[in-house]
Every structure is written in C-alpha cells, then in structure tokens.
Amino acid sequence: MGQVGVLALQGAVSEHLARLPRHGYEGIPVKRPRDLERLDALIIPGGESTAISRLIRENGLTKALRDFGRERPVLGTCAGLILCAAEIADGGGDVEPLGLMDISVCRNGFGRQKDSFETEVEVSGTGRDIPAVFIRAPYIVRAGRDVTPLAFVDGRAVMAESGHILVCAFHPELTEDPRVFDRFFRKLEARELKPEPCPPSKKFPVKTAAARF
Ligand code: GLN
C-alpha cells in the first residue's frame, strides 16, 4: 500500500487522513522532516496559511518540503494552494510560500468567512460537475508557462496543475466525490518507463515501407 503524507500542523488534517484508505493509500501525518522520508506523495491541507507557514518554519520543514515537491507529487488544497504558490499577490502577512508551482495567488480572493459557499465546477479532463466547497478561498491571479489552469469560478482560476503538483482553492476532502483525489493519485501511479533490453527492431527498406501507403 502506498503511503501518502498529510502535513499535520493545522487545519483539515484529519479529514484528509480519514479519506486516504478509501483510495487505497495509507495516510501518514507529517510534522517533522523525517516524516517525509518514505512517502510517495504529500497533501498540504486547507486551514490558516499564516499558522501553517509559521509552524513549517518552527518545525524546520521549509527545505524538506521544497525538496520533496521537486520530486514527488504534492496536492495543495485551499491554504495548501497558497503554500504551494511562488508569490502572494494580496500581501501574505507572515506566509512564506514554498514556490512548488509558478503561480501568484490572491489569499482571500473570495472574501471572508461569510463568503464561503458550495458550487459545482467543471474541471478540465476530470468532470463537468465536481462539487466544490469554498471556505475563505484563494484564487490564482497569474500562472507561469508550465502551469495549466483547470477550473474557473466567476472567471477566476481555482485549480491548476504543473507536472506532479496539483492545487485547488476548494476542499475536495469535504465532499464524497472521489474525482479530484483520483486525478492526483494518477500522478503516483504514473511510473517512469526505463528502456527494457529487447531484440533490435525490424527495419524495412524504405521502398517496402513506402509501398504500404
Ligand atoms: N484564506 C485562507 C488562508 O489564507 C485559507 C482558507 C482555507 O484553507 N479554507 O489561509
């Protein structure tokens, strides 16, 4: 069984940990750099990005998380999206983003607590009717060349992908719908193919190959 870490400093930690076995993974709480060692992937949950960022620094996790995200899949949800970003456009306060994805974010883009809402979003390549819970949600205001925005609400980008990093401004762990997690777990299942020793391929003379068309 693969092991997926959940950054367990503050926020929606238990919801993600409870969710993982349903997808066939063991959930491991991550509090210190050594907790990352054997993990296949990591989830940075929603919560309060200022608190999570302060605890990342206090627990000496900044470099370990940056190194992890260079090689292994990371899913950032809500405050986790803010932490994965390269830059915070509306003043991050004490938040030191990890720079795992080349995006700028507006931290409280959808307003304060009273502006929390639930809707359905169309996620490119995943589904048209993904239920999404937004709680003081951020949105993405700039995406680098390697970043693909995947979903929009009121014209604002709320989900994006770049290689093995996936971020969303909403909380997939608060709905029963598995599709955002499934999309993330496909990044773990994709393995690099090493060339296998095999007999040299048959080569046809150009004339024969041309004659087939
Ligand atoms: N806007 C919040 C922050 O700055 C994130 C809210 C959430 O994770 N639900 O941390």
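Annotations
- When the P(r) of the stretch 1-52 is calculated, the portion above 16 Å amounts to 35% of the C-alpha pairs.
- Here the peptides 128-134, 1-7, 77-83 are ranked by packing, the mean other Cβ count within 10 Å, and the order with the highest first is 77-83, 1-7, 128-134.
- Note, ³J(HN,Hα) from phi for the stretch 62-67, Karplus 6.51, -1.76, 1.60, rounded to Hz, x at Gly and Pro: 4, 5, 4, 5, 5, 4
- A Gaussian network model of the chain, with springs between Cα atoms under 10 Å, assigns the largest mean-square fluctuation among Pro29, Pro178, Pro45 to Pro178.
- Using only the C-alpha atoms, the convex hull of the stretch 2-211 corresponds to 165 Å³ per residue.
- Computed Rg/Rh of the stretch 78-164, alpha carbon atoms with Kirkwood Rh: 0.95
- With 10 Å bins from 0: P(r) over the stretch 29-136, alpha-carbon pairs, percent: 14, 43, 32, 11, 0
- Helix-derived mean residue ellipticity, 222 nm - over the chain, DSSP H n ≥ 4, -39500 (n - 2.57), to 500: -6500 deg cm²/dmol
- Rounded to the nearest whole Hz, the Karplus-based 3J(HN,Hα) values (6.51 cos²θ - 1.76 cosθ + 1.60, θ = phi - 60°) of the stretch 147-163 follow the sequence 9, 10, x, 10, 8, 10, 10, 6, x, 9, 6, 10, 7, 7, 9, 8, x, with x at glycine and proline.
- Residues with amide H under 5 Å from that of Leu98, placed H, sequence gap 5 or more: Cys84, Ala85
- The stretch 2-211 - share of DSSP beta bridges that are antiparallel (%, nearest 5): 55
- Amide H contacts under 5 Å for Ile28, placed H, 5+ residues apart: Val4, Gly5, Val6
- Paramagnetic label reach from Ser124 (point 7 Å along Cα→Cβ; backbone nitrogen cut-off under 16 Å): within the stretch 95-109, residues 102-104.
- 3J(HN,Hα) couplings calculated from phi for the stretch 93-100 with the Karplus curve 6.51 cos²θ - 1.76 cosθ + 1.60 (θ = phi - 60°) are, in sequence order, x, 8, 6, 10, x, 7, x, 7 Hz; Gly and Pro show x.
- Residues whose placed amide H lies under 5 Å from that of Gly76, excluding near-sequence neighbours: Ile44, Leu166, Val167, Cys168
Where a number appears in this text, it was derived from the coordinates with a stated rule and is not lab data. All values reported here derive from a predicted model rather than from experimental measurement. Reconstructed Cβ throughout: ideal geometry from the backbone, glycine too, with neighbour counts over all protein chains shown.
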